[in-house]
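Shown next, in structure tokens, is the structure this report addresses.
The values are calculated or read from the model by the stated rules, or taken from the named source; none is laboratory data. Values in this document were obtained by computation on a predicted structure and should not be read as measured data. Please note: Cβ atoms are built from the backbone with ideal geometry, for glycine as well, and neighbour counts cover all protein chains shown.
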Amino acid sequence: MLQTKWIIREMRKGEQSAYKIAKQQKVSERWARKLHRRFEGLPLYKITRIHHLEQCGRKPIPITKEERDIVLDTKKDLGFGAVMIERILDEKGIHMPHNRIQKILLQEGLARHDLKKSKRRKWIRYERRYSNSLWHTDWMEYKRKWYIFYEDDASRLITGAGEFANATTENSIKVFDEGAGKWGLPNQVLTDHGTQFCQNEDNTYKFREHLKSKKVKHILARIKHPQTNGKVEKLNHTMQGLIDRFGNLQDAVKFYNERRPHMSLDKDGHLRTPLQAFYDKKRKE
């Protein structure tokens with residue numbers, strides 16, 4: 001900003017040529033003249049960095065009704081943010097930059113500025129290579145009900161889901177067995193240290209012993225380290241919205257598995273649903 005104000009001030013004085021002013025600041029003569037014209041009549045103290053940035057660049061292209069409608073329809077159907085909507089539209093042969101999509105969502109009150117998302121993440125996502133290598137699970141309390149989900153690490157497929165009045169070891173086992181009967185047994189199951197998965201009042205590990213009887217290894221997440229089981233925590237948040245939308249757990253799980261593409265399941269530039277990824281990543285017999 002100091003350079004910009006200096007150029008404008010010297011141009012207004014008229015004591016030096018535009019060529020000499022531009023040369024001193026190592027910019028083009030054309031740029032010096034352009035700044036002089038752009039802020040003509042505006043006091044120097046009113047020229048702020050924000051004002052300067054707003055004046056720079058080409059004028060934005062107005063958003064058309066067709067663009068707005070297709071973004072809002074995609075948002076309503078799948079509930080994603082700007083980056084995923086951009087990729088979904090690309091899959092349909094419609095290219096729209098995510099910053100343009102974000103502008104529409106902000107105007108409609110469907111998004112908000114999030115400074116955290118603009119910062120570079122320091123961690124790298126890790127996932128298993130094959131389906132049924134590892135399942136994550138955890139309990140979630142939502143609107144006076146308890147939900148449990150089993151999620152396949154490699155494909156993000158919900159392999160088991162249940163809605164109960166109470167979070168118990170018996171219900172944890174029940175949903176696990178239902179999922180294993182449909183999708184096959186996993187090699188390992190990762191849980192936190194909740195009483196539904198760990199030692200009970202009789203000093204026995206009923207959940208672990210049940211997995212052991214199925215030749216499935218039980219892995220416990222590190223204490224006070226929620227990132228270890230972060231994938232199922234993110235799943236819980238997503239499912240809250242889908243349960244509200246569909247009104248029942250079964251339809252919400254079906255939509256998540258079969259219709260909703262997942263950002264982490266990219267293959268050769270194309271998005272996949274968890275169900276597609278589950279079969280693509282199954283270990284060859």
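Remarks
- Some residue of segment 115-129 being modelled with pLDDT under 75 and over 30 Å from residue 270 (Cβ atoms): yes
- Residue 151 being surrounded by fewer than 23 Cβ atoms within 10 Å (Cβ to Cβ), at pLDDT 95 or above and in contact with a Leu (Cβ under 6 Å, 6 or more places away or on another chain): no
- Of note, residue 268 does not satisfy the criterion of being in contact with a Lys or Arg (Cβ under 9 Å, 6 or more places away or on another chain) and not small (Gly, Ala, Ser).
- Taken over segment 18-44, the criterion of being surrounded by fewer than 14 Cβ atoms within 10 Å (Cβ to Cβ) and among the aromatic types (Phe, Trp, Tyr) is satisfied by 19 alone.
- Selection of segment 9-35 for residues being within 44 Å of the chain's Cα centre (by Cα) and in a helix (DSSP H, G or I) yields 25, 30, 31, 32, 34, 35.
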